[in-house]
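Read-outs: derived from the displayed coordinates by stated rules, not from any lab. Nothing here was measured: the structure is a model prediction, and the numbers come from that model. Cβ coordinates were reconstructed from backbone atoms using ideal geometry, including for glycine residues, and neighbour counts include every protein chain displayed.
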Amino acid sequence: MSHRIRPCVFAGPWYPGDARELERMIDQFFARAKSPDLDGEIVGLISPHAGYIFSGQVAAYAYDQVRGKPFDVVVVVSPVHSMYAGPYATTAADAYRTPLGDVFLDSELVDAVDKRLGLNRLPVDREHSLEIQLPFLQVSLGTFSLLPIMLVDQEWRACSQLANALGDVLKQSISRGKNALLVASTDLSHYHHASQAERLDRIFAKHIDAFDPEGLFRALVRGETEACGGGPAIAVMLAAKALGANQAKTLYYAHSGHVTGDYSSVVGYTAGAIYRAPKGAPGQDDV
């Protein structure tokens, strides 16, 4: 049986196109990541999506939280940068190809979300922010199926509708024994001096640490912070809440100036985790 494959588009310029080199690079990122131990069960991650030389080390702090853990399906919610696809899109292919192999879609879950929202199934796409997450997932998890969602409309209604759909279909999937992970793909502020970028990006981190998607949306609308994947981060936080998550934490922050040495115009990156902390853990109310 032949499968429709969404090919690697950004292997080479954005991350190594050779499988051994790619896996070696990701392993080196993991070796340098000192991600904190979290008291709880990971439900979702926030990860950047620039070229690996810029944001790969940051992404490792997120994916280190799930290395070697069993997840049957991964939902990656990304923004859309340069094409009309909205308000919600996915690939029309059966699998994404990376240098590390093919990642097959969970067609049942794709169809379930499609029935709820109406997905634009793209025969061709050049969206890097979804593709860039896959090699990290392959190294971290090994085998898993994929539910890829490209979120074009980042208004509150679109984010909450997506979150509701994901919460519903994933609860049904979990009830059948499938363990699910949510991933929000986002970079932060773009092309400010490092001092201004850090001020903007601290506001984003504040709302992640407060597990406050509503506050994050308001801050984005008011221009108090910036994120090209703000909508995916909000949708993933809301969906994670529906799955029982009750805490979130930023794990690491950096910007492109830390790599290039040019602090005059930088892009910010953060790693975060969303998790289900046990009752009575710090930050939890006794209810």
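Using the Karplus relation 6.51 cos²θ - 1.76 cosθ + 1.60 with θ = phi - 60°, the per-residue 3J(HN,Hα) values for segment 133-150 come to 7, 5, x, 4, 5, 5, 5, 6, 10, x, 8, 7, 9, 10, 10, x, 10, 9 Hz, with x marking Gly and Pro. Using a 10 Å Cβ count of at most 13 others and DSSP loop calls, identify the longest part of the chain lacking such trypsin sites (Lys or Arg not before Pro). Longest stretch, sites excluded: 35-125. Scanning residues 5 or more positions from Leu251 or on other chains, those with amide H under 5 Å from its amide H are Ala271, Gly272, Ala273, with H placed 1.01 Å from N in the peptide plane. The Cα center of segment 150-179 and the Cα center of segment 54-126 differ in position by 13 Å. Dividing the helix sum by the residues of the chain, where each DSSP H run of 4 or more adds -39500 (n - 2.57), gives a mean residue ellipticity at 222 nm of -11500 deg cm²/dmol. DSSP finds beta bridges in the chain, and of those with both partners inside it, around 50 percent are antiparallel. The H on the amide N of Ile42, modeled in the peptide plane, is under 5 Å from the matching H of Arg276, each at least 5 residues off or on a different chain.
Applied to segment 160-165, the Karplus parametrisation 6.51 cos²θ - 1.76 cosθ + 1.60 on θ = phi - 60° returns per-residue 3J(HN,Hα) values of 6, 5, 4, 4, 4, 5 Hz, with x for Gly and Pro.
Note that segment 4-16 has calculated 3J(HN,Hα) couplings of 7, 10, 7, x, 4, 10, 10, 5, x, x, 9, 7, x Hz, one per residue in order, obtained from phi through the Karplus relation 6.51 cos²θ - 1.76 cosθ + 1.60 (θ = phi - 60°); glycine and proline are x. His255 sits among other residues whose Cβ lies under 15 Å from its own Cβ, and their net charge, with Lys and Arg +1 and Asp and Glu -1, is -3.
Going by neighbour counts of Cβ atoms within 10 Å, the residues Glu131, Glu23 line up, fewest first, as Glu23, Glu131. Amide H to amide H distances under 5 Å link His192 with Val266, where only residues 5 or more positions off or on other chains count and H is placed in the peptide plane.
With +1 on each Lys and Arg Cβ and -1 on each Asp and Glu Cβ, how big is the dipole of the chain about its Cα centre, in debye rounded to the nearest 20? Here the size comes out at about 220 debye.
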